[in-house]
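K.L.:
Dropping a structure here in structure tokens format, bear with me for questions.
The values are calculated or read from the model by the stated rules, or taken from the named source; none is laboratory data. What you are looking at is a predicted structure, and each value in this text was computed from that prediction instead of being measured. Every residue, glycine among them, receives a Cβ derived from its backbone with ideal geometry; neighbour counts consider all protein chains shown. When the accessible area is computed, the model is the full protein with side chains, heavy atoms only, and any ligands, DNA or RNA have been set aside. Shrake-Rupley method; radii C 1.70, N 1.55, O 1.52, S 1.80 Å.
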Amino acid sequence: MSNSKRTFLKASAAMLASLPFTAASQSNSVVDQLKPLVEEREKRLTTITKDIKPISIEERKSRILKAQNLMQRHNIAAMVLEPGASMDYFTGIQWWLSERLTAVIIPQQGEIAVVCPFFEEPSIRETLAVGNDVRVWQEHESPFVRVKQVLADRKINTAKGYVAFESSVRYFVQQGVMTLLPGMQDISADPITRGCRMFKSQHELQLMHKANEITLKAYEYVWSHLQNRMNYLAPHRTTGLDQRLIKAKMSHAQKQLGGSGAWNMVLLNEASAYPHGTKQKQELREGSTILMDCGCSVLGYQSDISRTFVFGEPTKKQQKIWDIVREGQNVAFEAAELGQPAGKVDDAVRKYYQTQGFGPDYKLPGLSHRTGHGIGMQGHEPVNFVRGELETLKPGMCFSNEPGIYLPEEFGVRLEDCVYMHKTGVKWFTHPPESLASPIGKLVSLES
């Protein structure tokens, strides 16, 4: 028996063990009935990422060239990056922040350079995909001297000009560099990093599409499991289960399907009215609202899908709110037009919700957060579907579409699917479900 299957069966046994006492006497028969279902579902959990290709060296070189062109346009002499998505985006280096500086310097012209501790160089080179200039510093030395040396070697005039720092660069790093460059000024690197990362290539869209496929299949797996539990436990008004096991199922499914870094949020009953969760006890019972917000990564590119289910028969109010939120997704989708400000998407949803008696604005009951966010290598990236956002929608941009409605002390509904801006208009990665009775949705083919 495989480790993953053994883990799954153990989890199922733990689930049954947590049933109320009145159901415990039926556990053996339920286990016997569930075993074929468990085995059948487990067969569906095999990786679907074998055909996926990583970002190539040539793609990274092209990204660096685009960044340098933007730097010339904005009169920026060099850009400094610390570990994170942008460092990975340009160089392939996958590293972490520590008190010891590891940085990438992209000059306006010429080869990039990496500055890192001496003893980390072999590890840095393992993921470094472009360039060969790695400058090391010893524990008693200043890493900022190495940064200055890179600029000098690239013939950058350090007596004047601008050095750009990405927003994630820490203050002590920015100050350490600029102290050695008194004639230069620091500036935000947003025009460069956003000018590159905001617009996804077809390859990047493929990776995001695969990540969304994994998350959607995982939802199908988990919902099937919950439906079967509901059928077997119909005589019992409560299950004795909380959100933790559902999260574990979702995490297991995404990992087995080939996703990495899976994250999962599960909110039950009144807790579903808290968009980002609560510490209060949550127990799955008949009529529970189940709000799930989950995603994973495929070679560094993210998915983000939310689904809202009802465990058993929904009330008229649950059905009504679910239907309004689903229509809110349609309103947002139709408002996402090329050339229009991203903020108009959020405006359109709030206008519709107000006609349904919710709001106005961010007032509860209603939509207390933005309608959507940018997404790519990070789950949340610029720009957002939010009031006042003037950035216009252009091909290659990607967003979440998640206009939830939250009723404090009752329940909340959020449906979230990601979209991308195609040259012909907005497109779905995953099409939202059409009804609460069929609450999964479907994968949409990626357009070239």
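K.L.:
Give the residue that is surrounded by the most Cβ atoms within 10 Å (Cβ to Cβ), with candidates limited to residues of segment 417-431 that are among the β-branched types (Val, Ile, Thr) and under 18 Å from the mean Cα position of the chain (by Cα).
P.N.:
First pass over segment 417-431, keeping only residues among the β-branched types (Val, Ile, Thr): 419, 424, 426, 430.
Retained after the next criterion (residues that are under 18 Å from the mean Cα position of the chain (by Cα)): 419, 430.
Values: Val419: 24, Thr430: 22.
Among those residues, the one meeting the criterion is Val419.
K.L.:
In addition: Considering Arg387, Arg414, which residue is basic (Lys, Arg) and open to solvent by less than 20 Å² (accessible area, probe 1.4 Å)?
P.N.:
Arg414
K.L.:
If I filter segment 244-258 for residues that are open to solvent by 10 Å² or more (accessible area, probe 1.4 Å), in a loop (DSSP other than H, G, I, E, B), under 11 Å from Ala218 (Cα atoms) and in contact with a Ser or Thr (Cβ under 7 Å, 6 or more places away or on another chain), do I get at least one hit?
P.N.:
Within segment 244-258, one or more residues are open to solvent by 10 Å² or more (accessible area, probe 1.4 Å), in a loop (DSSP other than H, G, I, E, B), under 11 Å from Ala218 (Cα atoms) and in contact with a Ser or Thr (Cβ under 7 Å, 6 or more places away or on another chain).
K.L.:
Looking at segment 324-337 only, could you name the residues that are open to solvent by 70 Å² or more (accessible area, probe 1.4 Å) and either at pLDDT below 95 or under 27 Å from Asn231 (Cα atoms) (or both)?
P.N.:
Answer for segment 324-337, where residues must be open to solvent by 70 Å² or more (accessible area, probe 1.4 Å) and either at pLDDT below 95 or under 27 Å from Asn231 (Cα atoms) (or both): there is none.
K.L.:
Let me ask something else about it. All but one of (1) in a helix (DSSP H, G or I); (2) surrounded by fewer than 18 Cβ atoms within 10 Å (Cβ to Cβ); (3) at pLDDT 95 or above hold for Gly261; state the number of the condition that does not hold.
P.N.:
Every condition holds for Gly261 apart from (1).
K.L.:
Could you check segment 417-441 and list, in sequence order, the residues that are assigned to a strand (DSSP E or B), under 18 Å from Thr215 (Cα atoms) and β-branched (Val, Ile, Thr)?
P.N.:
Residues satisfying the conditions are Val419, Thr430.
K.L.:
Here's a follow-up. Assess whether Val386 counts as being in contact with a helix residue (DSSP H, G or I) (Cβ under 8 Å, 6 or more places away or on another chain) and of a type in the set (A, V, I, L, M, F, W, C).
P.N.:
yes
K.L.:
Further question on the same structure: Only residues in segment 365-381 that are in contact (Cβ under 8 Å) with a residue 12 or more places away in the chain count as the first member; pair them with residues that are among the aromatic types (Phe, Trp, Tyr) and in a loop (DSSP other than H, G, I, E, B), Cβ under 6 angstrom, at least 6 apart or cross-chain, and list the lot.
P.N.:
Hits for this filter: Pro365/Phe358; Gly366/Phe358; Ser368/Tyr362.
K.L.:
Does segment 432-442 include one or more residues that are over 25 Å from Ile324 (Cβ atoms) and open to solvent by 60 Å² or more (accessible area, probe 1.4 Å)?
P.N.:
no
K.L.:
Next up: Please count how many residues of segment 122-174 are surrounded by fewer than 13 Cβ atoms within 10 Å (Cβ to Cβ), in a loop (DSSP other than H, G, I, E, B) and without any contact (Cβ under 8 Å) to a residue 60 or more places away in the chain.
P.N.:
9
K.L.:
Still on this structure, please answer the following. When Leu291 is evaluated against the numbered criteria (1) open to solvent by 50 Å² or more (accessible area, probe 1.4 Å); (2) within 26 Å of the chain's Cα centre (by Cα), which criterion, by number, is the only one it fails?
P.N.:
(1)
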